[in-house]
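Since the structure comes first, as structure tokens, the remarks are kept for the end.
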Amino acid sequence: MGNTLSLVRLALTEFLDNLHTFQTLQARIQRSPGLPLPNPSRSFWSYPPSPIATHVSQLPTHADFIVVGSGITGTSVVRRLLYSASAEGHNVRVVMLEARDVCSGATGRNGGHISPPLYHDYTSLKRDHGQAVAQKIIKLRLAHLEELRSVAEQEGILTESQWREVESVDVFYNSDMFEKAKRKVQTYKADLAFDAEHHEVCEAKEAIEKYRLAPDTLGCISSSAGAIHPYQFVTGILAKLLSRYPDRFSLCANTPCTSISPPTSSNPYYTLSTPRGTITTPHIIHATNGWASTLLEKLRGKIIPFRGNMSAQRPGQSLPIPGSNHTSHHSFVFYTRPIGYDYLTQLPTGEHELMLGGGFAQDGDEGYEAMANTDDTTYSTRTTAHLSGVLPRYFGEDNWGREGVPLERGEGMWAEGRVKALWSGILGISVDLIPWVGRLPRVVSGRSEPPLSSVVKSEKEEGVHVSAAPGEWIAAGYSGEGMVHAWLSGKALADMVLGREAEGRLGEWFPDVMRVTEKRWKKAKAENLLDALDD
């Protein structure tokens, strides 16, 4: 859903200014997110539904690995587990559990951007973690551009996933914000020379002419980025895995995990309960992001659910069509004031819909409404009212032109005006602003681990196990930037689960600061989030 951290700052500032309200917030973030609600608001991405949207494999009684969640993280984990085990000749069983339809959570409800925050975050990352760690995080984010393209190509879904390179444009209307951003770009370029050439600063006149923006635009900063159809990317890969590994991969939609029981003297495995029965395993991988603390109570207040809003809109008739007449594909982030912005990308096919999200800080109550809110069956009236009307203002009425006309009237699925669809999605905000990836210590999971003897052994090498020691694992807490963290976090996590960290060369590219440790868990507190956001 894009970066939500300015609204988080607004919400926390308001809460801290009022002790009673802050106590109310504390109570909210400490309660369980619950299970995803049925009948979520209709995401434009997920129609028409994938043929596997409601796929329900027969639930086995046991699996070597169980992945909870069917978004981009879970898909990355499953793909890596199956590929690696197959390459080494191990016959393992992987089960994916999803509470609703496949890819109906944040991945299937986001903005479709692969636009890593680079200069935006580098200064604070360097301050908090040191230059070497900051650069490793930046490189991980950048790597997602090529990684997602490469995976789509390998799986034969490059066209349907709509992966494309875009020019990302940050648009500024506040002079102080623009000047601060330019200083950040200078620092970024000085420290990361390999990416310096991809950032360009345009002052007002050039920016307005080059990107056909409204006349009160003060300037822009552009960089290389990407965009994708997140739903078709994930469901396309899962469909391929079901076909490729029919006896080793089970996908169970509408099969929520309702509880987890630790091993006992009579059962050496975890036992997961679902409405369709129970299943045992030595490894549980949590890939539920904003809902992670439903099954992991000790993560409440560490990964906070947060509701964002999205829209799909018809472009004005005078806007250029991306890809035609040598027109580039663009994505935009519109910074209108110190707290609040909107983000936009445009589809390459169909009606070339404008996918606009954000609307942050349109009302003082918006932060309270969004924080710890897991109700994606509806959306914010105030925020979506802003999103529905603001685009001609950003581009200028003359550049926007007449309103777009539906290609096919009377189809019934979408509204026929400018705004075709409105929906919401649930993000997971990490209170220290770093994703949580890796093995869960017992103090965090709250459950004892199965014994090593419960892990299946290699059929080729006597005494060698096909995975690391049993346990619970997680990749979550992307703070609105899942498309530039989730895939490689899932890939790294799968290598950890398999005990292949050396083979995966994680030490070279994966930032250790993202690992879950007891020390980090104890330190991470919601009341410290304002300090982390202060930059």
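Report whether or not Leu407 is open to solvent by 10 Å² or more (accessible area, probe 1.4 Å), assigned to a loop (DSSP other than H, G, I, E, B) and closer than 30 Å to Leu529 by Cα.
Criteria not met by Leu407.
Is it true that some residue in the stretch 296-306 is in a loop (DSSP other than H, G, I, E, B) and open to solvent by 30 Å² or more (accessible area, probe 1.4 Å)?
The answer is yes, given that some residue of the stretch 296-306 is in a loop (DSSP other than H, G, I, E, B) and open to solvent by 30 Å² or more (accessible area, probe 1.4 Å).
If you take the residues of the stretch 25-76 that are out of contact with any helix residue (DSSP H, G or I) (no Cβ under 8 Å at 6 or more places or on another chain) and β-branched (Val, Ile, Thr), which of them is most open to solvent (accessible area, probe 1.4 Å)?
The qualifying residue most open to solvent (accessible area, probe 1.4 Å) is Thr61.
Is it the case that the stretch 379-389 has a residue that's at pLDDT 95 or above, open to solvent by less than 50 Å² (accessible area, probe 1.4 Å) and assigned to a loop (DSSP other than H, G, I, E, B)?
no
Just give me the residues in the stretch 138-169 being among the hydrophobic types (A, V, I, L, M, F, W, C), open to solvent by less than 40 Å² (accessible area, probe 1.4 Å) and outside any helix (DSSP H, G or I), in sequence order.
Answer for the stretch 138-169, where residues must be among the hydrophobic types (A, V, I, L, M, F, W, C), open to solvent by less than 40 Å² (accessible area, probe 1.4 Å) and outside any helix (DSSP H, G or I): Ile157, Val166, Val169.
Can you tell me which of Gly504, Gly463 is part of a loop (DSSP other than H, G, I, E, B), at pLDDT 90 or above and closer than 24 Å to Leu82 by Cα?
So the residue among Gly504, Gly463 that is part of a loop (DSSP other than H, G, I, E, B), at pLDDT 90 or above and closer than 24 Å to Leu82 by Cα is Gly504.
When you go through Leu213, Leu242, Leu251 one by one, which is the residue that is in contact with a strand residue (DSSP E or B) (Cβ under 8 Å, 6 or more places away or on another chain) and in a helix (DSSP H, G or I)?
When all the criteria are applied, what remains is Leu242.
Within the stretch 410-442, take every residue that is open to solvent by 50 Å² or more (accessible area, probe 1.4 Å) and touching a Phe, Trp or Tyr at 6+ places or on another chain (Cβ under 7 Å) and give me the one that is nearest to Val390 (Cα to Cα).
Among those that are open to solvent by 50 Å² or more (accessible area, probe 1.4 Å) and touching a Phe, Trp or Tyr at 6+ places or on another chain (Cβ under 7 Å), it is Met413.
What are the residue pairs meeting all of these: first residue in the stretch 291-319, first residue at positive phi, second residue among the small types (Gly, Ala, Ser), Cβ atoms under 6 Å, and 6 or more apart or on different chains?
Gly301/Ala526
Can you spot a residue in the stretch 170-186 that is surrounded by 20 or more Cβ atoms within 10 Å (Cβ to Cβ), in contact with a Phe, Trp or Tyr (Cβ under 6 Å, 6 or more places away or on another chain) and more than 17 Å from Ser115 (Cβ to Cβ)?
Taking every residue of the stretch 170-186 in turn, at least one turns out to be surrounded by 20 or more Cβ atoms within 10 Å (Cβ to Cβ), in contact with a Phe, Trp or Tyr (Cβ under 6 Å, 6 or more places away or on another chain) and more than 17 Å from Ser115 (Cβ to Cβ).
Find all pairs meeting these conditions: Cβ atoms under 6 angstrom apart; at least six residues apart or on different chains; first residue within the stretch 375-402 and farther than 15 Å from Leu354 by Cα and among the polar types (S, T, N, Q); second residue open to solvent by less than 10 Å² (accessible area, probe 1.4 Å) and not in a loop (DSSP other than H, G, I, E, B).
What qualifies is Ser380/Asn309; Thr383/Asn309.
The values are calculated or read from the model by the stated rules, or taken from the named source; none is laboratory data. Given the structure is predicted, the values throughout are model-derived calculations rather than measurements. As a convention, Cβ positions derive from the backbone with ideal geometry for all residues, glycine included, and neighbour counts pool all protein chains shown. For the accessible areas, the whole protein counts, side chains as well, though only heavy atoms, and no ligand, DNA or RNA atoms are used. Shrake-Rupley method; radii C 1.70, N 1.55, O 1.52, S 1.80 Å.
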